[in-house]
Amino acid sequence: MGSTQDMPLNTTETYQSPNYPRRYPNNYYDKRAYRCQNNLTLSCPVVRIQWSNGCWKDALTVSGNRDQSVCGQTSLSYFVPGNTWLTIVFRTNFLIRDRGFQCTLTCPP
């Protein structure tokens, strides 16, 4: 696994694609995991990633509660129960680049 982080209660973290809001790089891979004592939420109001059927080219994938991958122009909201790892993977291929995303992780009090 890439980097892992136990988030303190009552904190927020930002996770965003490289160069956001400019285009992200080709051939990029990043994997991170976050955990909170309470329910951990991830909110990505604007996602702009190269679209492909099944998101097999570029994708933002989250797991912990259920696996979910997004691509194209969309948004993403996700949560995991307390003390559960929320894993985020962002991967890109060698072709088209887009603006990416900026997400907020929230560990409530």
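The values are calculated or read from the model by the stated rules, or taken from the named source; none is laboratory data. Worth saying up front: this structure is predicted, and the values here are computed from it rather than measured. FYI the Cβ positions are ideal-geometry reconstructions off the backbone, even for glycines, and counts take in every protein chain you see.
Of all residues in the range 52-100, those satisfying the criterion of being crowded, with 20+ Cβ neighbours inside 10 Å, touching a residue at least 40 places away in the same chain (Cβ under 8 Å) and under 20 Å from Thr4 (Cα atoms) are Leu60, Val80, Leu86, Ile88, Phe90.
The condition of being touching a helix residue (DSSP H, G or I) at 6+ places or on another chain (Cβ under 8 Å) and surrounded by 18 or more Cβ atoms within 10 Å (Cβ to Cβ) does not hold for Val47.
On inspection, Asn27 fails the criterion of being over 15 Å from Gln16 (Cβ atoms), at pLDDT below 95, out of contact with any Asp or Glu (no Cβ under 7 Å at 6 or more places or on another chain) and among the polar types (S, T, N, Q). I'd like to know if the range 58-73 contains one or more residues that are touching an Asp or Glu at 6+ places or on another chain (Cβ under 8 Å), under 14 Å from Tyr15 (Cβ atoms) and in a strand (DSSP E or B). Taking every residue of the range 58-73 in turn, at least one turns out to be touching an Asp or Glu at 6+ places or on another chain (Cβ under 8 Å), under 14 Å from Tyr15 (Cβ atoms) and in a strand (DSSP E or B).
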